[in-house]
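J.: Structure incoming, see below.
The values are calculated or read from the model by the stated rules, or taken from the named source; none is laboratory data. If you're wondering where the values come from, they're calculated on a predicted model, not measured in any experiment. Positions of Cβ are generated from backbone atoms using ideal geometry, with glycine treated the same way; all protein chains shown enter the neighbour counts. We work out accessible area using only protein heavy atoms, side chains counted, and drop any ligands, DNA or RNA first. Shrake-Rupley method; radii C 1.70, N 1.55, O 1.52, S 1.80 Å.
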Amino acid sequence: MGKAQEERLTSKEAAVSMAPSDRIHHLHQSVKSIISAYKMILPGTTVILGVSGGPDSVALMNVLHVLKTDLRCSIHVAHLDHALRPDSRADAEFTCQAAERLELPCSIRREDVRTLAASLSMSLEEAGRKARYDYFQQLLRKYPGGRIATAHHVDDTIETFFLRILRGSSLQGIQGIRPVHGDIIRPFAHTTRNEILEYLQNTGVQYRIDPTNLTISADRNFIRHDVIPAVQERFPQYRKPLARTMELIGQEDRFISLQASELFSRAVQSIDSGLVLSIEQLRQADEVLVARVIIMALYETAGPHARIGRVHVESMKQMIYSENPSGRINLPSRLEAVRSYSELRIVRKETTFQASRIETEIHGPGTYQFGPAGPRISFEIIPAARIDVSSSDGAETAFFDAEQAAFPLMLRSVLPGDRCRPWPGKGSRKIKSILIDAKIPRHMRRLVPLLFRGNECLWIGGLRRGDAAPVTDMTRTVLKVMFTREGCFDTCGRSGN
């Protein structure tokens, strides 16, 4: 929330006296303006829109539906059922029906977030966030150049500011929620919660309320229901000075980030298993910049949605400045930092496993595990008359002419020089390049299953199929190959593929 938002707050005051129809139009134009200002959605973009069924995301779904023709984009609704409440499936059904009424494709996934939180030693809030964004990113891989849209708004930004202040945060953290962060966009970043509720009332759009949002059991709800109302009562105009403060914080943060990026380029090298930090280079720099470089290195290795805390940064700083030439600490996202004399390496704990080749020979139908920690792949032979191959996206499920893709087949990890002739497409490409384009992190690429017959790549599991062994009118039997992750996937509405 900065100068642009402060100006927008003034424009809201002028909008109070508008008629309901004018207010609806005003919100549409406001969202369209921020999308344009931040280049959130370019023509031809597919937007994966996270919709919970609550007021914020339902409102954003309806606004983007109205704007999608002007924006020349496509909308794909995505809902993650956290399985935390007995009636959570009703939220999924509601979201699916709401998307259907707008003729928008909708994908649903159910994830046992409570079990996920326990297995990863996370809070329910952190585990839910991880599950959501992992799911959104998986859907995004089907749409190169796409974006993930969430319904975070001005009040979310203010709540985040206070929450991070009280928990202790860096300049980066107390800037709040940015309108654009990588491939994530927030078209409501300049919209208030009251504007959203007013929009829903004026349009008659229905939504669901999660009863857990009405309690103050969580820190964020305490900020929302207790802290901010108290601030509002004492300082009615607090939003404008807060906007100026956050703008100044942003300016200083950008300057420090530029300096840290220059240090990162000198002090950090990339290796197959992660990153190597030069202790000598870091010791010559200011500790503020060293902390930034550590944060940058952790996010680059763990991914943009990792939960990196100050305690992890401080632990790594101690290793850098320690006279002890060796050491090892555990980090989030199954990372570890290893000190060895003049180097500090950030690597994944599975590095030893991932560096080895995964290879499974497929002799017939059945379900196979791809490595000890990988996905499950099922193989099934079906008469061609019983199969509608147009129902397949070629990513999670692929169909092949069973005679041309006859057993034995080989399921293995990528090797240097591997190529594939993607379908649809022309010519062949290096599989490494395909994985890079799909934003598969380097440390995860060996866990992507590749299906080969001889030297021909039939399928890149979870991404796309090759053009070999296509199902034609002459096909008598079909080989169905299906990629299975944890959780349950269903699709409602149109496929959108």
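J.: Taking the criterion of being part of a strand (DSSP E or B), in contact with a helix residue (DSSP H, G or I) (Cβ under 9 Å, 6 or more places away or on another chain) and open to solvent by less than 60 Å² (accessible area, probe 1.4 Å), would at least one residue in region 171-190 satisfy it?
T.: yes
J.: Every residue in region 233-274 that is within 17 Å of Phe161 (Cβ to Cβ), open to solvent by 70 Å² or more (accessible area, probe 1.4 Å) and touching a Lys or Arg at 6+ places or on another chain (Cβ under 9 Å), please.
T.: Answer for region 233-274, where residues must be within 17 Å of Phe161 (Cβ to Cβ), open to solvent by 70 Å² or more (accessible area, probe 1.4 Å) and touching a Lys or Arg at 6+ places or on another chain (Cβ under 9 Å): just Arg244.
J.: Strands (runs of 3 or more DSSP E) wholly in region 399-497 with at least 3 residues that are over 30 Å from Ala92 (Cα atoms) and at pLDDT 85 or above - which ones?
T.: Here the list reads 409-412, 450-453, 456-460, 477-484.
J.: If you don't mind, another one. Could you grab me the full set of residues in region 139-170 that are under 30 Å from Glu396 (Cα atoms), surrounded by 19 or more Cβ atoms within 10 Å (Cβ to Cβ) and touching a Gly at 6+ places or on another chain (Cβ under 8 Å)?
T.: Listed by number, the residues that qualify are Leu140, Ile148, Ala149, Thr150, Ala151.
Here's the yes/no breakdown for (1) more than 23 Å from the chain's Cα centre (by Cα); (2) among the aliphatic types (A, V, I, L, M):
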{"position": "Arg239", "(1), (2)": "yes, no"}
{"position": "Arg244", "(1), (2)": "yes, no"}
{"position": "Arg254", "(1), (2)": "yes, no"}
{"position": "Ile271", "(1), (2)": "yes, yes"}
{"position": "Arg292", "(1), (2)": "no, no"}
{"position": "Ala302", "(1), (2)": "no, yes"}
{"position": "Arg307", "(1), (2)": "no, no"}
{"position": "Met316", "(1), (2)": "yes, yes"}
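J.: Another question, then. I need the full set of residues from region 365-391 which are of a type in the set (D, E, K, R) and either in contact with a Leu (Cβ under 8 Å, 6 or more places away or on another chain) or modelled with pLDDT of 90 or more (or both), in order please.
T.: Glu380
J.: What number of residues within region 73-92 satisfy the criterion of being modelled with pLDDT of 95 or more and more than 20 Å from Asp134 (Cβ to Cβ)?
T.: Going through region 73-92 one residue at a time, the tally reaches 3.
J.: Of all strands (runs of 3 or more DSSP E) completely enclosed by region 256-361, which ones contain at least 3 residues that are hydrophobic (A, V, I, L, M, F, W, C) and touching a residue at least 24 places away in the same chain (Cβ under 8 Å)?
T.: Fully inside region 256-361 and qualifying: 274-278, 343-348.
J.: Answer with yes or no whether Leu49 is in contact with a Phe, Trp or Tyr (Cβ under 7 Å, 6 or more places away or on another chain) and modelled with pLDDT of 95 or more.
T.: Here the answer is no, as Leu49 does not meet what is asked.
J.: Cβ-Cβ below 6 Å, separation at least six or inter-chain, first residue in region 113-132 and without any contact (Cβ under 8 Å) to a residue 40 or more places away in the chain, second β-branched (Val, Ile, Thr) and part of a helix (DSSP H, G or I): which pairs?
T.: As it stands, the answer is Ala127/Val113, since those pairs meet every condition given.
J.: Scanning region 191-214 for residues that are open to solvent by 60 Å² or more (accessible area, probe 1.4 Å) and in a loop (DSSP other than H, G, I, E, B), which turns out modelled with the lowest pLDDT?
T.: Ile209
J.: Another question, then. Which residues, taken from region 278-290, are under 12 Å from Tyr321 (Cβ atoms) and in contact with a helix residue (DSSP H, G or I) (Cβ under 6 Å, 6 or more places away or on another chain)?
T.: Ile279, Leu282, Ala285, Val290
J.: Still on this structure, I have one more. What's the number of the condition Glu103 fails, among (1) at pLDDT 90 or above; (2) surrounded by fewer than 22 Cβ atoms within 10 Å (Cβ to Cβ); (3) assigned to a helix (DSSP H, G or I)?
T.: (3)
J.: What number of residues in region 113-135 are in contact with an Asp or Glu (Cβ under 9 Å, 6 or more places away or on another chain) and either in a loop (DSSP other than H, G, I, E, B) or under 15 Å from Ile75 (Cα atoms) (or both)?
T.: 0
J.: Here is a follow-up. If you scan region 66-89, which residues turn out to be without any contact (Cβ under 8 Å) to a residue 60 or more places away in the chain and assigned to a strand (DSSP E or B)?
T.: Selection gives Ile75, His79, Leu80, Asp81.
J.: Against the condition of a type outside the set (Lys, Arg) and loosely packed, with under 14 Cβ neighbours inside 10 Å, how does Ser413 come out, does it pass?
T.: no
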